Structures are given as C-alpha cells and as structure tokens.
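The values are calculated or read from the model by the stated rules, or taken from the named source; none is laboratory data. All figures in this text were calculated on a predicted structure; none of them were measured in a lab. Glycine also receives a Cβ, built like all others from the backbone with ideal geometry; neighbour counts cover every protein chain displayed.
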Amino acid sequence: MKKIVIIGGGIAGLSAGIFAQKNGFESIILEKHHTLGGECTGWNRQGYHIDGCIHWLVGTKEGTPMHTLWTQVGALEGTEVFHPETFLSFEYEGNAVHLCRDLERLRSSWLRLAPQDKEAVEDFYQTVKALQAFNMPVDKPISMMTLFEKIKLISSMKEAGAIMDKYGKISLKTYARRFKHPVLRELLANFLPEGYSASSIFFALASFTKGDASIPYGGSKAMAMRMEDKYRSLGGTVIASSEVVKLNIKDKQVDCLVTKDGKKYQADYYIAACDAHRLYEHLLEGRYSDSAFKKRFSNSIDYPLASNIYIALAYEGELDNLPRSLRFQVTPFKIHHEEIHYLTINHYQYEKTFAPEGHSVITCAINQFYSDYEAWDQLSQDMQAYQQEKVRIGSEVLRAVEMRFPYMKGKVKVLDVATPKTYERYCNAYRGAFMGFLPTIKGKMMAHSGHIKGVKNLFLSGQWLQPPGGLPVAVITGRDTIMWLCKKEKKPFTYY
Ligand SMILES: Cc1cc2nc3c(=O)[nH]c(=O)nc-3n(C[C@H](O)[C@H](O)[C@H](O)COP(=O)(O)OP(=O)(O)OC[C@H]3O[C@@H](n4cnc5c(N)ncnc54)[C@H](O)[C@@H]3O)c2cc1C
C-alpha cells in the first residue's frame, strides 16, 4: 500500500486524508497545533464558545455539487443547517438596508427605499438572479477533464463568464456610484475593501439567495471535528502538535520530512495542505519557487491578502431581534493609521450551546491588510504593548456596541481579541491571511494545479490554489490531489 504524509490538518488536509483512505492509500496527518481544523475553528472562553470561521458555507444546500462533496467528507453528517434571513444588514445615517435571502424582497425593499435608483436596482437584481444557476465546478480539476468535459463546463459557465467580463474589472467603489441613494451607495462601496472587484458581491449573493451559503449548526470547530472523525473511522492516523520544519530532498523527490521534535517521516507521496508561503519559503527554503505565487506574494496592491482582528463579546441577554450580521456606523477610532468608521457584528443567538442560558456571543471582524500586519508584527516584539493594544481595541468595540445598543450598557464584556499574529502563530498563516488572493480589478485569477515544479512526489493543497479561496476551495483541492495520485498510480478514483 502506498503511503502519504499530509502536512496540516485544516479542511484541505482532512479532505486529502479522507479521500486518501477511501482510495486505498495509507495516510498520516501531521498537524502543528494540538487540534485539527486549521482556520476552520472555534474556541472556548469563560463559559462561551467563540466561533472563529463560518459566516457562510457554499454547499449547505442539498442537491448542489458542493453539498455532495461536503457529504462525502462527513462535514454535514447528522447536522441541521441554520439559514439566516439576511446576508448582511447595513445602517447609514438613520436608514437601514438588507441583503435579503429572498431576492424578490431585496428588490422591492430597495425600490421602495430608492425609487430614483430603479435602473441600477433592476440591473443588480437581474445580475444576481442570472448567477443563481451557477455552481462552482467541483467534480474534478480542469486539468484532468476530457475535451468533452471541458466544453460542457465552459458552456455551463457562460453566464458567469459574461458577468465576470462585465463586472470583474470594475471596483465595488466605482460600481456603487451607479446608485444615487446614499445608503445603497455606501453599502456597496463598503462591502469589500478598495480595489475589490464588483463581481464578488454578485457571486456571494447569488449563492445566498438561491438558498445556499448558510451555516451548519454547531459551528466551525464541530464541522472540522466531524471530518476528523470521518478520517479516523477510515483508518487515518493523526499526529497533532507536530510541526513539520524541513523537507529533505534527494534526486528531485522528498526523501523524508522532519518535525520540530526531530522525528522523521517517510512516504511515497507528501501533500503540503498548509500555507503556500510556508511551503515555498520555509519548508523548501525558497529553492523551488513558483512564478505564479512569486508574482502574487511580491505585489500586495493587486494581490492583497486580508487578515483580521477578531473580537468576541459576551452579552448578558438575548438578541432575537437583531439581524444575524449587522454593519453600522461608529464614532471613528484609530487602529494603526486607519480610522474605523464602521463595525460589522455577528451574533450566535441561534446556537443554544454557545453561551449560558439567556446570554449571547457577539463577534466582530475588522479586516487588516499589508501595513496593518507590519504594525502588529512590530508591536508583538513588545508583549506588553501588544496586549495593551488588544485590550484597547476590545474596549473600543465594546463601547461602540453599547453606544449603538444602549440597552446593552453594562451587560457586555470582552471575551477575546485575536490579531493577524494570532493566525500566524496558530496556523502558520502568511501575514495572518484567512483566505487566498481575493479577486481585485487588476489581479489575475490563479488556478494552480498544486504540482511543485522540480519535486516529483510533493503536492500543495488548500485555499491558496484557486480563487476565491475559503472552505470550498480547501475541500476541493484536498480531494483533487488524491485524484492526481490515483491517476499517477493508474487506479480508478472513488468518491465513496
Ligand atoms: C474569521 C474567519 C472567517 C472565515 N469565514 C469563512 C466563511 O464564512 N466561509 C468560508 O468558506 N471560509 C471562511 N474562512 C476561510 C477558511 O477558514 C479558510 O479558507 C480555510 O479554513 C482554509 O483551509 P486550509 O486547509 O486550506 O488551510 P488552513 O486552515 O490554514 O490549514 C492549514 C493547516 O496546516 C497546519 N500547518 C501549517 N504549517 C504546518 C507545518 N509546518 N506543520 C504541520 N502543520 C502545519 C496549520 O496549523 C493548519 O491547521 C474564514 C476564515 C477566518 C479566519
């Protein structure tokens, strides 16, 4: 039986492990952290559970190809799905607007609010509606498709291609100017940071309004644990707290890898289901650089990487009447050189086990980019200053929430504040990134095969390989690598 060692037990590593076991390989997952899941995680603080990942999961809708894949890896086994009514609610100068699940409701409420924007609203509605028929290509990597399969795929993506042509090179900020009503303009302009393509909002909303992109009950950690259970039940081996620090390469092949505690592991194949930068620059010591990644890592303007400050609050009360996800204006405060004018909060009222009875958890993610990471990196050289900054930001968010919701005053406390350095420390995430390269108007989309030029038995899997990254890409690319290995071994691939 051929042996595979997988570096990293995030969703990509677990997916690779599950399909490796299903396809008659012997596999081991080596994970740096003491627990599996990678960025798909959650953690406990003071009797509360903080969900650290899933805000929307493509593939929660039964009958979609992504749902089938999540089922094959046991991610949704025995789990109900929570379907929020709105993707995001947005407040601006006394007005509120909602990105509703029900697209007809979205259209009519926007038209009521902004009759002067009829043309722009209709175009927005039609674009989202047209994209609802689009499903992420899931079955196999494009490079493994027959000519017939490729033609079929291209024709199924006609609509999506046309929308990419129309909106892929327009920034959301530019697109927002088509709307006259300030709240619609501001909602769209602020949906994603500067430079991001307008197409992003259409793909996200198309998925959501067709009844997909919901949230599995139990949250992110529980989903990763279900995949771990599936992997173990198929005979896979997990070795946690085991960071790979070196790959020994002989005759253009990995001969063995070495973990921090000095142990060596040998296999026929090695899958790096970890951060791409960690693989190329640390484990391969920059000796097998890849031009597609190099170009992106060296151009942070066209290929920005987003990280987060992730703040969790506990509220002594229930939030039944609050939208699941709300963006609102705040009295500006500074983080590094940036003024923060809005905060987006999520609450977990639908999860009865995340908080003691009658209490709730609120999280708030503040995107961080290139210079923010630099500032955090520098600050973390002085642990006291770093901790103080985390406390300050936690207090600013708490104050802003209490100002927006006066009934919460005195009943909110800060549970935790994670920074880009936290993601780096726990997951080896390059610059704390929580996704791969997001679609911008100047950046070119990458579809990387995961093959490492110059090393025959080493493959990369995970969120970095394809836009838009996220959990679907992680699970797809983990599976794809095993498809490749089956092809290499000249044996049929099985999904079951
Ligand atoms: C706050 C937040 C919200 C998010 N929301 C969503 C969402 O709503 N929907 C969505 O689809 N996605 C979301 N994401 C993104 C999603 O979490 C990631 O895209 C996905 O989890 C990436 O999976 P991965 O397996 O590719 O990588 P990772 O999760 O980074 O897994 C890599 C694993 O490798 C391990 N590792 C790294 N180096 C080594 C080494 N040298 N040796 C051993 N192990 C190593 C790491 O510890 C980690 O466990 C969110 C992420 C964050 C942080």
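Would a scan of segment 393-412 turn up a residue that is within 12 Å of the ligand (Cβ to nearest atom) and either more than 24 Å from the chain's Cα centre (by Cα) or in contact (Cβ under 8 Å) with a residue 12 or more places away in the chain (or both)? Within segment 393-412, none of the residues are within 12 Å of the ligand (Cβ to nearest atom) and either more than 24 Å from the chain's Cα centre (by Cα) or in contact (Cβ under 8 Å) with a residue 12 or more places away in the chain (or both).
As for segment 248-270, it holds no residue that is within 14 Å of the ligand (Cβ to nearest atom), under 29 Å from Asn23 (Cα atoms) and in contact with a helix residue (DSSP H, G or I) (Cβ under 6 Å, 6 or more places away or on another chain). So, Thr60, is that one closer than 30 Å to Gly219 by Cα, modelled with pLDDT of 95 or more, away from the ligand (no atom under 16 Å from the Cβ) and not assigned by TED's automatic domain parsing to the domain that holds Lys166 or not? Judged against the criteria, Thr60 is not a match. Among residues of segment 360-377 that are assigned by TED's automatic domain parsing to the domain that holds Leu398 and among the hydrophobic types (A, V, I, L, M, F, W, C), those with a beta-carbon under 7 Å from a residue that is assigned to a helix (DSSP H, G or I) and more than 14 Å from the ligand (Cβ to nearest atom) at least six positions away or on a different chain give the pairs Ile362/Val401; Cys364/Val397. Per the conditions (1) away from the ligand (no atom under 12 Å from the Cβ); (2) assigned by TED's automatic domain parsing to the domain that holds Lys294; (3) among the aromatic types (Phe, Trp, Tyr), the sole criterion not satisfied by Trp464 is (1). Within segment 315-368, the set of residues being surrounded by 15 or more Cβ atoms within 10 Å (Cβ to Cβ), of a type in the set (Asp, Glu) and in a loop (DSSP other than H, G, I, E, B) comprises just one member, Glu351. Of the candidates Ser242, Ser220, Ser207, Ser233, the single residue that is under 30 Å from Arg112 (Cβ atoms) and among the polar types (S, T, N, Q) is Ser207. For the structure I just gave you, tell me whether Ala20 is more than 14 Å from the ligand (Cβ to nearest atom), in contact (Cβ under 8 Å) with a residue 60 or more places away in the chain and closer than 29 Å to Tyr280 by Cβ. Against the criterion (more than 14 Å from the ligand (Cβ to nearest atom), in contact (Cβ under 8 Å) with a residue 60 or more places away in the chain and closer than 29 Å to Tyr280 by Cβ), Ala20 qualifies. Scanning segment 393-412 for residues that are more than 16 Å from Leu326 (Cβ to Cβ) and either not hydrophobic (A, V, I, L, M, F, W, C) or not assigned by TED's automatic domain parsing to the domain that holds Ile345 (or both) yields Gly394, Ser395, Glu396, Arg399, Lys409, Gly410, Lys411.
With respect to (1) under 25 Å from the mean Cα position of the chain (by Cα); (2) assigned to a helix (DSSP H, G or I), the lone exception for Ile215 is condition (2). State whether the residues of segment 436-452 include one that is within 22 Å of Gly38 (Cα to Cα), within 9 Å of the ligand (Cβ to nearest atom), within 11 Å of the chain's Cα centre (by Cα) and surrounded by 19 or more Cβ atoms within 10 Å (Cβ to Cβ). Yes, the conditions are met somewhere in segment 436-452.
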